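J.: Supplied in structure tokens, the structure appears directly below.
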Amino acid sequence: MAIFNLQINGRAYEVDVTPDTPMLWVLRDHLQLVGTKYGCGIAQCGACTIHLNGTATRACQLQVSMVGNAEITTIEGISEHGDHPVQKAWIEEDVPQCGYCQSGQIMTAVSLLNANPNPTDAEIENGMSGNICRCGTYTRIKKAVKRAAQS
Amino acid sequence: MTTFKTKVGRRAFIRNISVAGGGMMIGFNWLASCNTSPQKIKELPKEWFEINGFLKIGDNGLVTIQSPNPEIGQNVKTSMPMLVAEELDTNWDQVIVEQAPLDVSKYKWQVAGGSRSISSSWEPLRMAGATARQMLLTAAAAEWQVPVAELTTDSGIISHAASGKTAHYGQMAAAAAQLEVPETVTLKEIKDYKIIGHSKKNVDGHKIVTGQPLFGLDTYKDGMRTAMIIHAPAFGKTLKSMNSEAVANMPGIEAVFPMSVYSDDEPQSSFDTAAFNRMAVIVGRSTWEVLQAKKALQAEWENSPERNISQRLFGRSSTKKYPAGLENTSDHNALMASFDFGDKRLKIFRKDGDPKKAFAQAAKVIERTYTAPFRAHNTLEPMNFYADVTNEKVFVLGPVQTPEWTESSLSRRLGVPKEKIDVHLTRMGGGFGRRLYGHFVTEAALISKQIKAPVKLVYTREDDMTFGTYRPTYSLKYRAALDIENNMTALHVVGVGIPEKALYENRFPAGTIDHFLAEGWEGDSNITTGAYRAPRSNFAASAEQSFLDEVAEAAGKDPIDFRLALLERAQINPVGERNDYDAERMAGVLQLVKEKSGWGSPGTENLKRGVAVYFCHNSYVANVVDLEMNGKTPVINDVYVAVDCGIVVNPDAATNLAEGGTVDGIGNALYGQMTFVAGVPQQDNFDRYRLIRHHESPKNIHVDFVKSDIAPTGMGEPPLPPVQAALANAIYSATGKRVYHQPFINELIA
Ligand code: FES
Ligand code: FES
């Protein structure tokens with residue numbers, strides 16, 4: 001066990017865990033930031049997507065000891081009142097079915113739009129292909145990303 | 001307006017007399033604040049008044065509606081309360097929705113299965129709203145000393161035109177809560193609906209997009225431990241021994257022990273399916289620590305003997321046989337392929353006319369075989385459950401589609417009366433049928449009982465995928481006889497499967513052909529299977545609608561015209577009497593998809609497209625798929641979906657479900673499979689089990705509903721089956737090659 005000081009959503013946290021603990025479980029088990037989801041644990045589904053210094057990252061693959069001073073943003077931290085343009089677009093398009101994949105989808109979409117504010121359909125389809133939606137909401141995700149891009 | 005007796009679910013309408021005098025807090029689930037869903041911040045009332053088991057009204061007019069059924073992504077948590085709110089005649093903005101716990105005294109059919117949530121609650125939920133409205137009116141009439149008949153309601157406001165008096169529901173709620181439930185009640189005409197038929201957004205939408213705790217895995221409570229199981233690595237094996245000591249001292253580990261989930265000697269429910277009854281359990285402080293111990297634990301496994309388990313459900317008893325042995329997909333395939341038409345092992349399920357003679361006289365015979373593998377449900381949230389078992393009470397909370405049957409199982413296994421068991425539901429990260437089988441709830445409860453502490457049982461993705469209640473593996477073999485004028489005179493179908501066949505002998509095209517024969521066979525297996533979104537239909541549609549496409553082609557007919565002609569025959573002069581589909585409604589969705597896709601119209605000549613139509617769960621769906629090939633991979637441009645599911649309660653949500661079923665159908669038909677070697681599942685995570693991804697999904701999905709006054713029918717399952725055949729037929733149109741064996745990608749890249 002070791003103490004780690006983390007910067008998450010603009011706040012300082014201290015956790016006492018083994019250094020190889022993935023950020024996914026630090027967030028969920030130790031900080032109760034449960035918006036970051038477990039889907040596969042092997043970097044295949046994207047349900048655990050967070051931002052590390054603004055870049056979309058799989059929390060299931062990121063050991064807490066690798067984080068250092070980097071800024072972590074989770075779904076809980078992308079806006080104060082849930083009114084990030086991407087979140088608003090998700091509500092407008094009523095994207096979720098079960099909803100389980102959606103925080104990961106939103107985190108990927110935010111980072112995609114930061115890098116490319118006006119993506120084409122193909123860029124959205126490819127940019128979002130690392131995030132599985134088992135319920136099949138892909139066409140709505142695409143519409144929501146386009147709506148967010150326009151806002 | 002139509003008057004109805006309030007007989008359906010009347011018990012739920014009777015308020016709890018003992019507390020009727022005062023503010024009403026009892027009988028509702030206040031437990032998990034995460035279950036309350038105000039979409040916007042609303043001012044909460046000082047006092048709530050329970051009008052009936054489905055709703056309570058606050059002194060400020062706010063309404064809380066209980067959503068009784070499990071929410072697995074089919075959106076019932078929004079759509080079911082809409083039914084109550086419509087007849088209550090309140091504003092949807094004034095409604096808060098709560099997930100109800102299991103309560104058999106109040107609610108009927110608290111199951112997410114068979115696409116029945118809306119259809120089975122269509123009457124009771126509207127009546128719950130209408131009786132409450134009636135009681136509010138009666139209370140207002142008494143206070144204002146005017147006849148009830150002179151009162152009207154609109155958006156939660158009661159008005160008396162003559163005197164100009166008005167009041168909001170909250171002002172009459174205290175008095176209404178004291179009244180008797182009316183004997184009869186009037187329900188609105190469809191044309192007067194203000195909520196039903198008007199899209200409402202997901203009541204949990206805000207919580208989902210902000211990552212609030214909603215799902216079973218999000219449960220964290222004081223003193224809670226984390227538990228994981230280790231089950232046998234192969235179907236047909238079971239736990240022999242384990243070295244608990246070696247991992248018991250690992251950091252954060254608190255308990256390591258073997259456990260038997262069910263007792264094989266006692267009758268079980270048909271939903272107690274569990275391949276691996278004896279397993280290892282590890283309990284610890286945190287997920288990561290338990291995972292390390294799970295990796296380190298050494299266990300020895302032995303071959304299971306044959307198990308014969310007596311099962312009971314809905315008063316019916318049966319015996320389920322799990323043979324001994326380690327099974328292989330190659331053996332399953334060879335066994336299914338060994339059945340030819342008329343094989344002695346087959347049983348006849350339906351026979352019309354004289355098929356033998358018709359085939360002997362045929363001008364042309366077309367014969368094809370279709371197969372499909374086992375499939376895993378792969379809900380994105382793996383199986384999990386929270387349990388807190390004490391001497392006084394059994395409390396369980398989490399994602400399960402069958403809370404009532406789960407409670408019975410817990411009662412049997414723990415020897416605790418049902419009154420002492422509380423089953424609470426979370427939102428579920430997908431169901432697709434997997435969470436009908438609640439063995440993981442019993443496992444969680446047994447673990448909590450053993451360690452005398454609250455626990456959350458968590459399956460890893462690998463546990464989830466290799467401990468399935470899979471979709472069975474199937475084969476359907478067809479042959480059709482055409483006469484000299486290219487009329488289909490006879491059809492013969494052989495449906496075999498392990499452990500069940502996918503044969504619906506009384507569905508289309510039965511009833512449209514003079515000479516028809518349906519035969520089937522089912523083999524035993526120790527690989528556990530269960531209901532999977534649109535059970536059996538999920539393969540039957542794919543095979544049947546692909547075959548009919550070939551028959552139409554052989555007959556030189558347009559595939560839509562060919563099907564419409566058969567359906568016309570079924571309407572005018574059906575063969576046999578047991579045909580269990582409505583040919584007119586089936587033709588209706590085909591006509592609609594033809595119109596919306598512009599099938600056969602100028603400008604569509606170069607499109608590579610396929611069509612299919614199917615009926616299941618009392619709904620009708622037709623598809624047209626347009627695609628092009630990029631090398632050996634299909635790029636799906638447009639999918640047209642025409643649906644007849646009766647009245648559409650929440651159109652945008654129903655559209656979302658139709659889109660999801662379309663993607664699921666295409667994804668699984670192209671990529672999904674579970675295979676086994678010596679009982680060992682060959683896929684255990686998403687690197688080996690291929691799920692459809694964003695860039696492989698259809699670019700556009702166009703959903704249209706048939707306008708209907710018929711009471712709502714199923715929506716969760718019907719959109720999945722036919723699109724697989726429309727896809728296969730479109731692949732043929734693009735490549736000139738037909739695909740017969742799912743997952744199609746294997747044939748495409750071969
Ligand atoms: S849980 Fe991290 S990618 Fe699936
Ligand atoms: S909404 Fe269910 S997995 Fe995406």
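Rule-based calculations on the coordinates, nothing more; no lab input. Here the structure is a predicted model, which means the values were calculated and not measured. All Cβ positions, glycine included, derive from the backbone under ideal geometry; neighbour counts span all protein chains shown.
J.: Given the rule -39500 (n - 2.57) for each run of at least 4 DSSP H residues, summed and divided by the residues of chain B, what is its mean residue ellipticity at 222 nm, to the nearest 500 deg cm²/dmol?
T.: After summing the helix terms and dividing by residue count, I get -8500 deg cm²/dmol.
J.: Spin-label point model (7 Å from Cα, Cβ direction): what's the B:A149 to B:T735 distance in nm?
T.: The modelled label-to-label distance comes out at 7.1 nm.
J.: Name the residues of region A:112-144 whose amide N is less than 16 Å from a point 7 angstrom out from the Cα of A:T55 along the C-beta direction?
T.: A:112-116
J.: For the pair B:T390 and B:E568, how long in nm is the line joining their label points, each one 7 Å along Cα→Cβ?
T.: Once both label points are built, they end up 7.2 nm from each other.
J.: Sticking with this structure for a sec: Sort out for me the Cα centre separation of region B:620-645 from region B:290-346, rounded to whole Å.
T.: Rounded to whole Å, the Cα centres lie 35 Å apart.
J.: For the protein assembly as shown, give me the percentage of DSSP beta bridges that are antiparallel, rounded to the nearest 5 percent.
T.: Roughly 75 percent of the DSSP beta bridges within the protein assembly as shown come out antiparallel.
J.: Go through B:V703, B:G661, B:G646 and say which Cα lies farthest out towards the positive end of the charge dipole of region B:640-712; charges sit on Cβ, +1 for Lys and Arg, -1 for Asp and Glu.
T.: Working it through, the farthest residue towards the positive pole turns out to be B:G661.
J.: Follow-up. Excluding B:G415 itself, what net charge comes from residues whose Cβ is under 12 Å from its Cβ, given Lys and Arg +1 and Asp and Glu -1?
T.: Here the count lands on +4.
J.: Let me ask something else about it. So if R0 is 45 Å, what FRET efficiency would B:N637 and B:E577 give, r being the distance between their Cβ atoms, rounded to the nearest 0.05?
T.: After rounding to 0.05, the efficiency reads 0.55.
J.: A follow-up question, please. When chain A is modelled as a GNM with alpha-carbon springs shorter than 10 Å, which of A:S111, A:S79, A:S103 fluctuates the most?
T.: Looking only at A:S111, A:S79, A:S103, the largest GNM fluctuation is found for A:S79.
J.: If I take every Cα pair under 8 Å that is 6 or more residues apart in chain B, average their sequence separation and divide by the length, what percent do I get for the relative contact order?
T.: Across chain B, relative contact order equals 13 percent.
J.: Would you please put B:641-649, B:509-517, B:173-181 in order of how densely packed they are, using the mean number of other Cβ atoms within 10 angstrom per residue and starting with the highest?
T.: Ranked from most to least packed, the peptides come out as B:641-649, B:509-517, B:173-181.
J.: Counting partner chain Cβ atoms within 10 Å of every residue's Cβ in B:677-688, what's the average?
T.: Across B:677-688, the average partner-chain Cβ count within 10 Å equals 2.
J.: Here's another thing I want to ask about it. To the nearest 0.05, what FRET efficiency results for B:E306 and B:F341 with a Förster distance of 35 Å applied to their C-beta separation?
T.: Calculated value: 0.65.
J.: Then there is this: Give the average, rounded to an integer, of partner chain Cβ atoms located within 10 angstrom of each Cβ in B:417-430.
T.: 2
J.: Packing-wise, with mean Cβ within 10 Å as the measure, how do B:698-706, B:64-72, B:343-351, A:33-41 rank, highest first?
T.: Highest to lowest by the protection proxy: B:64-72, A:33-41, B:698-706, B:343-351.
J.: Could you pull out every one of the aspartates and glutamates with an alpha carbon less than 17 Å from that of B:K321, ignoring same-chain neighbours closer than 8 positions?
T.: Within the straight-line limit of under 17 Å, B:K321 reaches these aspartates and glutamates: B:D264, B:D265, B:E266, B:D272, B:E306, B:E500, B:E522, B:D524.
J.: For region A:2-76, what is the relative contact order in percent, using Cα pairs closer than 8 Å and at least 6 residues apart in sequence?
T.: Relative contact order of region A:2-76: 37 percent.
J.: Cα centroid distance between region B:554-588 and region B:48-81, in Å?
T.: What the calculation gives is 43 Å, centre to centre.
J.: Using the crude model of +1 on Lys and Arg Cβ and -1 on Asp and Glu Cβ, and no other charge, please compute the dipole size for region A:85-150 relative to its Cα centre, in debye to 20.
T.: Value, rounded to 20: 80 debye.
J.: Go through B:T735, B:I348, B:P251 and say which Cα lies farthest out towards the positive end of the charge dipole of chain B; charges sit on Cβ, +1 for Lys and Arg, -1 for Asp and Glu.
T.: Final value for the positive-end residue is B:P251.
J.: So what is the relative contact order of region A:85-150, in percent, for Cα pairs below 8 Å that sit 6 or more residues apart?
T.: 53 percent
J.: Take the alpha carbon atoms of region B:217-260, find their center, do the same for region B:596-611, and report the distance between the two centers in whole angstrom.
T.: Cα centroid to Cα centroid, the span is 57 Å.
J.: Enter the mean number of other protein chain beta carbons within 10 Å of the beta carbon of each residue in A:30-36, as an integer.
T.: 4
J.: Now a separate question. For chain A, set up a GNM with springs between Cα atoms under 10 Å and report which of A:A70, A:A56, A:A122 has the largest fluctuation.
T.: Highest fluctuation among the options: A:A122.
J.: Arrange the peptides B:272-285, B:312-325 so that the one whose residues have, on average, the most other Cβ atoms within 10 Å appears first.
T.: Top of the packing list down: B:272-285, B:312-325.
J.: Now for a different question. Label B:Q178 and B:S105 with points 7 Å out from Cα along Cα→Cβ: what is the distance between them in nm?
T.: Going from the B:Q178 label point to the B:S105 one covers 2.4 nm.
J.: Also, quick follow-up: Based on Cβ point charges of +1 for Lys and Arg and -1 for Asp and Glu, what charge dipole magnitude is obtained for chain A about its Cα centre, in debye rounded to the nearest 20?
T.: For chain A, the charge dipole is close to 380 debye.
J.: Follow-up question, since we're still on this one. Quick check for me: using +1 on Lys/Arg Cβ and -1 on Asp/Glu Cβ, what's the dipole size of the protein assembly as shown about its Cα centre, in debye to the nearest 20?
T.: That gives a dipole near 820 debye.
J.: For B:K393, go through the lysines and keep the ones whose alpha-carbon is under 18 Å away, minus same-chain ones fewer than eight residues off.
T.: B:K221, B:K418, B:K420, B:K449, B:K452, B:K456
J.: Quick one: grab the alpha carbon gyration tensor of chain B, order the square roots of its eigenvalues as a ≥ b ≥ c, and give me rounded if a/c is under 1.5, else prolate or oblate depending on whether a/b is larger than b/c.
T.: Judged from the Cα gyration tensor, chain B comes out oblate (a/c at least 1.5, b/c at or above a/b).
J.: Placing +1 on the Cβ of each Lys and Arg and -1 on the Cβ of each Asp and Glu in region A:5-151, which of A:Q87, A:T49, A:G136 has its Cα farthest towards the positive end of the resulting dipole?
T.: A:G136
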